[in-house]
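Before any comments, here is the structure.
The values are calculated or read from the model by the stated rules, or taken from the named source; none is laboratory data. Since the model is a prediction, treat every value here as computed from it, not as a measurement. Quick reminder, even Gly has a Cβ in these numbers, built from the backbone with ideal geometry, and neighbours come from all protein chains shown. Calculation scope for accessible area: heavy atoms of the full protein, side chains included, ligands and nucleic acids excluded. Shrake-Rupley method; radii C 1.70, N 1.55, O 1.52, S 1.80 Å.
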Amino acid sequence: MSVTIRPARASDLDFIVDNNARLARETENKSLDVAKLRPGVTSLLASPDKGRYFIAELDGKPAGQIMFTKEWSDWRNGFFWWIQSVYVVAAARRNGVFTALFRHVEQLARDDASVCGLRLYVDHANQSAQQTYRRLGLDATEYSIMELEFTARGMHQETANAQAR
């Protein structure tokens, strides 16, 4: 089986939206709001400055995806590329699809002098993914991810919950 990587196109929208919804269900048992997800993917596909998706094809058929966004590091005077929205369709797993996607993004990053490294986040309980990432050269850092998520119109979740009562 032959894996090829190409930039995502607008015509990949349904494939990416479906994969992102599956990713959330399979890894975090979350159901994503497609009314937000679809325009979010559309926006990124139309604005490469926000990030980029790549599609893996296995024998000419879409089999997986990877996306990266950029984070400026003033300490390093360069960008970290954050790997996100990684998904390989079930029938294509264990065929080198994720490795090909990762290596493609890694090579693009190495070829870009403004990039100082790659980062991703992974659920603490997802030992299988962590082993895969380690095999590809990624290491755990001393940092933890912390988040303050906002709901519609920039409202903090606690405020939205209080207003809903």
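With Ala140, Ala162 as the choices, which residue is modelled with pLDDT under 95, among the aliphatic types (A, V, I, L, M) and not in a helix (DSSP H, G or I)?
Numbers: Ala162 fails: not in a helix (DSSP H, G or I).
None of the others qualify; the one that does is Ala140.
I need a count of the residues in the stretch 110-124 that are farther than 22 Å from Ile16 by Cα, modelled with pLDDT of 95 or more and either of a type outside the set (Gly, Ala, Ser) or open to solvent by less than 50 Å² (accessible area, probe 1.4 Å) (or both). Before you say what the answer is, go through the steps one by one.
Pass one, the stretch 110-124, residues farther than 22 Å from Ile16 by Cα: 110-117, 124.
The next check asks that each one be modelled with pLDDT of 95 or more; those that pass are 110-117.
Keeping just the survivors that are either of a type outside the set (Gly, Ala, Ser) or open to solvent by less than 50 Å² (accessible area, probe 1.4 Å) (or both) gives 110-112, 114-117.
Count: 7.
When you check Lys61 against the structure, is it more than 16 Å from the chain's Cα centre (by Cα) and not polar (S, T, N, Q), yes or no? It would help to see each step written out before you state the result.
Details: more than 16 Å from the chain's Cα centre (by Cα): yes; not polar (S, T, N, Q): yes.
Here the answer is yes, as Lys61 does meet what is asked.
Only residues that are in a loop (DSSP other than H, G, I, E, B) and either over 24 Å from Ser2 (Cβ atoms) or in contact with a strand residue (DSSP E or B) (Cβ under 6 Å, 6 or more places away or on another chain) (or both): list them for the stretch 96-136, please. Walk me through it before giving the result.
Kept after step one, since they are in a loop (DSSP other than H, G, I, E, B), are these residues of the stretch 96-136: 96, 112-114, 121-126, 136.
Within the stretch 96-136, Gly96, Asp112, Ala113, Ser114, Tyr121, Val122, Asp123, His124, Ala125, Asn126 meet the criteria.
List every residue pair whose Cβ atoms lie under 8 Å apart, where the two residues are 6 or more positions apart in sequence or sit on different chains, the first residue falls within the stretch 19-41 and is over 18 Å from Thr69 (Cα atoms) and assigned to a helix (DSSP H, G or I), and the second residue, located anywhere, is of a type in the set (Phe, Trp, Tyr) and open to solvent by less than 100 Å² (accessible area, probe 1.4 Å).
Hits for this filter: Arg22/Tyr87.
For the stretch 57-92, enumerate the residues that are open to solvent by less than 20 Å² (accessible area, probe 1.4 Å), touching a Gly at 6+ places or on another chain (Cβ under 9 Å) and among the polar types (S, T, N, Q).
Within the stretch 57-92, just Ser73 meets the criteria.
Please go through (1) surrounded by 13 or more Cβ atoms within 10 Å (Cβ to Cβ); (2) over 14 Å from the mean Cα position of the chain (by Cα); (3) closer than 24 Å to Ala109 by Cβ for Phe54 and return the number of the only condition it doesn't satisfy.
The one condition Phe54 does not meet is (2).
With the condition kept exactly as written, say whether any residue in the stretch 125-136 is within 22 Å of Gly51 (Cα to Cα), open to solvent by 50 Å² or more (accessible area, probe 1.4 Å) and at pLDDT 95 or above.
Checking the stretch 125-136: not a single residue is within 22 Å of Gly51 (Cα to Cα), open to solvent by 50 Å² or more (accessible area, probe 1.4 Å) and at pLDDT 95 or above.
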